[in-house]
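Nothing in this text is a laboratory measurement; each read-out follows from the coordinates by a stated rule. Note that this is a predicted model, so its numbers are computed, not measured. Glycine gets a Cβ as well: all are built from the backbone with ideal geometry, and neighbour counts include every protein chain shown.
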Amino acid sequence: MKKFLLAFKYAFEGIVRTIKNERNIKIHILAVIVVIFMGIKYDISRIEWIICIILFGLVISSEIINTAIEHTVDLVTNEKSTLAKYAKDAAAGAVLVNAIISTIVAGAIWIPKMI
């Protein structure tokens with residue numbers, strides 16, 4: 001049981017460390033806060049909330065994975081490497097894809113409500 005609880009402790013430490021040290025995740029968290037306030041203001045439906053929560057999780061978790069990949073690559077090599085650059089760029093690209101899709105979905109939810 002102790003190992004099980006330690007796994008949660010370490011996971012939360014990873015989340016907190018990423019939030020404290022990475023600028024981009026702070027931007028994503030700010031976007032989450034804005035979306036929550038807009039959801040309250042425009043009284044979005046239960047399904048729309050569920051969609052937003054899933055997208056929050058996808059963007060934030062992909063940013064955490066991106067950070068892990070970047071740090072792992074940095075741990076393995078300090079030299080300029082095409083493969084290292086590719087790994088970092090691909091991980092960052094995954095975050096960007098999630099953020100773009102989330103923005104499109106947010107637009108589909110809020111634009112009709114704002115018009």
Given the Cα-Cα distance of residue 2 and residue 104 and 0.36 nm per residue of separation, how much length would full extension add, in nm?
32.5 nm
If you average 1/r over all unlike Cα pairs in the chain and invert the result, what Kirkwood radius do you get in angstrom?
16.0
In sequence order, calculated HN-Hα J values of region 76-92 (Karplus, 6.51, -1.76, 1.60; Hz; x Gly/Pro)
6, 8, 9, 7, 5, 9, 4, 5, 5, 4, 4, 4, 5, 5, 5, 5, 5
What does the charge count around residue 41 come to, taking other residues whose C-beta lies under 14 Å from its C-beta (Lys +1, Arg +1, Asp -1, Glu -1)?
-1
Between residue 90 and residue 54, what FRET efficiency comes out of the Förster formula 1/(1 + (r/R0)^6) with R0 = 25 Å and r the beta carbon distance, rounded to 0.05?
0.65
Using 0.36 nm per residue of separation minus the Cα-Cα distance, give me the extension gain between residue 20 and residue 43 in nm, one decimal.
5.1 nm
